[in-house]
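Written below as structure tokens is the structure these notes are about.
The values are calculated or read from the model by the stated rules, or taken from the named source; none is laboratory data. This structure is a prediction, so every number in the text was calculated from the model and none was measured. For neighbour counting, all protein chains shown are included, and Cβ atoms are generated from backbone atoms with ideal geometry for every residue, glycine included.
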């Protein structure tokens with residue numbers, strides 16, 4: 001009977017821990033989804049809700065000369081860019097997957113993507129988000145994306 005009770009307790013703990021992690025992962029994924037919902041709608045106020053006040057934003061790519069470039073952007077510039085996009089422009093970033101790692105109040109999210117402008121493939125890459133649990137609310141504290149036009153999968157390569 002003791003072994004059975006121990007086994008039941010072990011199974012119960014396994015499911016409780018896994019369901020808690022799943023709930024936290026869902027909260028984190030929701031923040032990322034709201035960010036992209038704001039991007040797709042051109043709604044900077046929606047995006048702003050997901051960002052920590054001291055966020056760091058960077059982009060990396062390889063330029064035409066083959067040099068690797070790292071650009072840092074301010075939160076204000078990102079929000080202004082989104083707010084000022086033409087109504088006729090349609091941004092769509094298709095996230096291909098989510099990899100979420102969590103340790104306490106820190107989360108890391110990796111999202112490979114394909115980006116479309118006006119329903120036409122533009123580029124691909126990956127986003128790396130770092131999130132901070134600010135007393136119950138997950139906020140993006142660091143965002144870096146990598147962009148490329150080649151090696152984006154079958155039928156996606158551009159010159």
- Query: Would you call residue 83 over 17 Å from residue 145 (Cα atoms) and either in contact with a helix residue (DSSP H, G or I) (Cβ under 9 Å, 6 or more places away or on another chain) or at pLDDT 95 or above (or both)?
  - Reply: yes
- Condition met for residue 10 (loosely packed, with under 12 Cβ neighbours inside 10 Å and at pLDDT 95 or above): no
- Message: If residue 137 meets every condition in (1) at pLDDT 95 or above; (2) touching a strand residue (DSSP E or B) at 6+ places or on another chain (Cβ under 9 Å); (3) closer than 24 Å to residue 30 by Cα apart from one, which number is that one?
- Response: (2)
- Query: Which of the residues spanning the stretch 126-145 are over 12 Å from the mean Cα position of the chain (by Cα) and in a strand (DSSP E or B)?
  - Reply: 132, 133, 138
- Screening 84, 97, 74, 108 for residues that are free of Cβ contacts under 8 Å to residues at least 24 places away in the same chain and surrounded by 14 or more Cβ atoms within 10 Å (Cβ to Cβ) leaves only 108
- Mind telling me which of the residues 156, 147 ends up being touching a strand residue (DSSP E or B) at 6+ places or on another chain (Cβ under 8 Å), more than 18 Å from residue 43 (Cβ to Cβ) and at pLDDT below 95? 156
